[in-house]
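Q: Below is one structure. I have some questions about it.
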Amino acid sequence: MVILGGPPTYLQGFRIGEEFFRTALVHMEMIAKEVETLVIDHHLLRDEGWYKFLEPVRKSAEKMEHRVITAAELARKEPNPLECRRKELYEEEKPSAEFLKWSKLPKEKLSETAPPL
């Protein structure tokens, strides 16, 4: 088993070029062919298109009767990537005015002051 953070596809075209992601896919496909279980999580799941991005890797793994899964699936749970839904979730449950005020305190005050939760 190999556990990877996956490439940060949410930065595609912004901070990281297309070639980086093409190379990442090729490398993940190579790994998926060699190991029975490839767990890809963290950075990749911050992007709404994570599942589609992994499709070629999944297909390469399946040809070898291997599998590509998330950490949640490794724990036998459904993936629930909240990070890629950050804007939507923020709109549904906006932080309180008190919390926003706390978040703007100087760094030294932040460590001394508990957040209003």
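The values are calculated or read from the model by the stated rules, or taken from the named source; none is laboratory data. Note that the structure is predicted; figures quoted are calculated from it, not measured. No Cβ is skipped: glycine too gets one built from the backbone with ideal geometry, and neighbour counts run over all protein chains shown.
Q: Looking for something closer than 30 Å to Leu117 by Cβ, modelled with pLDDT under 95 and of a type in the set (D, E, K, R) - is there at least one such residue anywhere in region 59-77?
A: No, there is no match, as no residue in region 59-77 is closer than 30 Å to Leu117 by Cβ, modelled with pLDDT under 95 and of a type in the set (D, E, K, R).
Q: So, in region 7-53, exactly how many residues are surrounded by 13 or more Cβ atoms within 10 Å (Cβ to Cβ), in a loop (DSSP other than H, G, I, E, B) and in contact with a Lys or Arg (Cβ under 9 Å, 6 or more places away or on another chain)?
A: Residues in region 7-53 being surrounded by 13 or more Cβ atoms within 10 Å (Cβ to Cβ), in a loop (DSSP other than H, G, I, E, B) and in contact with a Lys or Arg (Cβ under 9 Å, 6 or more places away or on another chain): 2 in total.
Q: Here is a follow-up. Quick test of your reading of the structure: Ile3 fulfils all but one of (1) touching a residue at least 60 places away in the same chain (Cβ under 8 Å); (2) part of a helix (DSSP H, G or I). Name the failing condition by number.
A: Against the list (1) touching a residue at least 60 places away in the same chain (Cβ under 8 Å); (2) part of a helix (DSSP H, G or I), Ile3 comes up short only on (2).
Q: From Thr9, Thr23, which residue is of a type in the set (S, T, N, Q) and more than 18 Å from Asn80 (Cα to Cα)? Steps first, please.
A: Details: Thr9 fails: more than 18 Å from Asn80 (Cα to Cα).
Only one candidate qualifies: Thr23.
Q: Could I ask something else about it? Anything in region 55-102 that is on the phi < 0 side of the Ramachandran plot, part of a loop (DSSP other than H, G, I, E, B) and without any contact (Cβ under 8 Å) to a residue 24 or more places away in the chain? List them, or say none.
A: Restricting attention to region 55-102, the residues satisfying the condition of being on the phi < 0 side of the Ramachandran plot are 55-64, 66-75, 77-102.
Checking which are part of a loop (DSSP other than H, G, I, E, B) leaves us with 64, 66, 70, 75, 77-82, 93-96.
Result: Ala75, Lys77, Glu78, Asn80, Leu82, Glu93, Lys94, Pro95, Ser96.
Q: I would also like to ask the following. Any residue at all in region 28-38 that is closer than 16 Å to Pro8 by Cα and at pLDDT 95 or above? Steps first, please.
A: From region 28-38, those closer than 16 Å to Pro8 by Cα are 28; that's our starting set.
From what's left, at pLDDT 95 or above: 28.
The answer is yes; a qualifying residue exists.
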